[in-house]
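Following: one structure in structure tokens, then a few remarks.
The values are calculated or read from the model by the stated rules, or taken from the named source; none is laboratory data. Fair warning: this is a prediction, and the values are worked out from it, not measured in the lab. Cβ placement follows ideal geometry from the backbone for every residue including glycine, while neighbour counts extend to all protein chains displayed.
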Amino acid sequence: MENPALRALTLRHLQFFSVLVQEGHFGRAARRLAITQPALSNAIKQMEKLLGAQLLTRNTHRLEITPLGTEVLARTDFLVNTVDLALQDIHHVVQRGRALVRVGVIPSASTQLAAAINAFKPAEGPPVEFVWRDAPATVLLQEVREGRLDLALAAITEPPGGLTCIDLFQDPLVLVVRRDHPLARDGQVSWKAIGHERLVLFESGSMPALGEPARAQFSQGAQAPYHVRYSETLYALVRGGMALGLMPRLYTTSLHDPELTVLALQDPRIERRVVLVYRPGPMRNAAAQDFIHFLSEHLTQPKKLKVRRFARKAGPKLSPG
């Protein structure tokens, strides 16, 4: 049954709570909000009273969020971000005559997303302007949950909780070697064949979950792998003969190095899922919803994208993940 007191909660309550948790200090939060510290403290106490629950624990040295406060914060951040960005969208469409769509993408899938954006031509409504955010998949998923992004292309190994997820395509692991390496002759290689080789792979993203178990299973006394953050470092180690590079194939689409070659990695073939994710429910604007439909229909075949005008349908239903 609905609590009538909740209707007394305002956007300012939510904004104050969000900023206070970010700053972790009443004084800093009050300065950022341009209000007095007592006014902020009273607003938080009023919010707790209206909710009938303690959101924060306070003492002279520390400010901590309660477990219930953490749950409230997740919903608070979404509402605050959605309102702020919706106001920006309104200003943008009024002042510039363009709809904003905020998209996130893992760097390795940027080429596919750029091709999709170039092919997307809405037949209705104002022209669309895209705001890009490239980041690791874990960051993108969180920003979609928080309402900072309308949608994202991410690589996953497990279904992301709380988000609608549409599979787009598979991205297999491949091996990058020097062209003069004995393994380079066949164009493909098995995990068993590289069991004695030292590898280099990314320290974050999907590689720890995908590459490490297979490497450990087939390792035949090889030295511990190098773990790096950037593809340039990985290629440098391979080029210098210090290791063989293990990475998703998408990263190699822009690799044009006469010293290096890419081998298919088999037995077993290990793939990560590249997916389209977004929050279930109403979208911030119709342009974002149209683009989601466009991606779900066309990005499963990224090499065959053709420019076409996308007519908006009445009351479209977004595909469940």
Quick one: GLY125 ticks every box in (1) among the small types (Gly, Ala, Ser); (2) within 30 Å of ARG12 (Cα to Cα); (3) assigned to a loop (DSSP other than H, G, I, E, B); (4) touching a strand residue (DSSP E or B) at 6+ places or on another chain (Cβ under 9 Å) bar one, so which box is it?
(2)
Just to verify a result, which residue in the stretch 181-205, among those that are more than 12 Å from LEU244 (Cβ to Cβ) and among the small types (Gly, Ala, Ser), is surrounded by the fewest Cβ atoms within 10 Å (Cβ to Cβ)?
GLY187
Checking the conditions here, which among ALA53, ALA8, ALA30 is modelled with pLDDT of 90 or more, out of contact with any strand residue (DSSP E or B) (no Cβ under 9 Å at 6 or more places or on another chain) and not assigned by TED's automatic domain parsing to the domain that holds MET283?
ALA30
Return the residues of the stretch 128-160 that are out of contact with any helix residue (DSSP H, G or I) (no Cβ under 9 Å at 6 or more places or on another chain), farther than 26 Å from ALA214 by Cα and either of a type in the set (Val, Ile, Thr) or in a loop (DSSP other than H, G, I, E, B) (or both); say none if nothing qualifies.
VAL131, VAL144
Can you name the residue in the stretch 80-122 that is in contact with a Pro (Cβ under 7 Å, 6 or more places away or on another chain) and assigned to a helix (DSSP H, G or I) and, of all such residues, is farthest from LEU299 (Cα to Cα)?
VAL93
Across the stretch 173-197, what is the number of residues that are over 20 Å from ARG239 (Cβ atoms), among the hydrophobic types (A, V, I, L, M, F, W, C) and in contact (Cβ under 8 Å) with a residue 40 or more places away in the chain?
1
Please give the number of the condition MET47 fails out of (1) touching a residue at least 40 places away in the same chain (Cβ under 8 Å); (2) within 30 Å of PRO280 (Cα to Cα).
(1)
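Tell me which residues, restricted to the stretch 269-293, are more than 29 Å from ALA214 (Cα to Cα), touching a residue at least 60 places away in the same chain (Cβ under 8 Å) and under 19 Å from the mean Cα position of the chain (by Cα).
Here is the first cut: in the stretch 269-293, the residues more than 29 Å from ALA214 (Cα to Cα) are 278-293.
Next, from what is left, pick out any that are touching a residue at least 60 places away in the same chain (Cβ under 8 Å): 278-280, 283-288, 290-292.
Within the stretch 269-293, TYR278, ARG279, PRO280, MET283, ARG284, ALA288, PHE291, ILE292 meet the criteria.
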The lone exception for VAL128 - which of (1) β-branched (Val, Ile, Thr); (2) at pLDDT below 90; (3) closer than 21 Å to THR233 by Cα it fails
(3)
I'm checking my understanding of the structure. Among residues of the stretch 149-163 that are within 22 Å of LEU100 (Cα to Cα) and touching a Lys or Arg at 6+ places or on another chain (Cβ under 7 Å), which one is surrounded by the fewest Cβ atoms within 10 Å (Cβ to Cβ)?
LEU163
Residue check for HIS61: loosely packed, with under 12 Cβ neighbours inside 10 Å, without any contact (Cβ under 8 Å) to a residue 40 or more places away in the chain and not acidic (Asp, Glu):
yes
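Across the stretch 208-264, which residue is farthest from SER110 (Cα to Cα) among those that are of a type in the set (Phe, Trp, Tyr) and surrounded by 13 or more Cβ atoms within 10 Å (Cβ to Cβ)? Talk me through it step by step, then tell me what you get.
We begin by selecting, within the stretch 208-264, every residue of a type in the set (Phe, Trp, Tyr); these are 218, 226, 230, 235, 251.
After this cut, where a residue has to be surrounded by 13 or more Cβ atoms within 10 Å (Cβ to Cβ) as well, the list is 218, 226, 235, 251.
Values: PHE218: 32, TYR226: 26, TYR235: 19, TYR251: 10 Å.
Per the stated criteria, the residue is PHE218.
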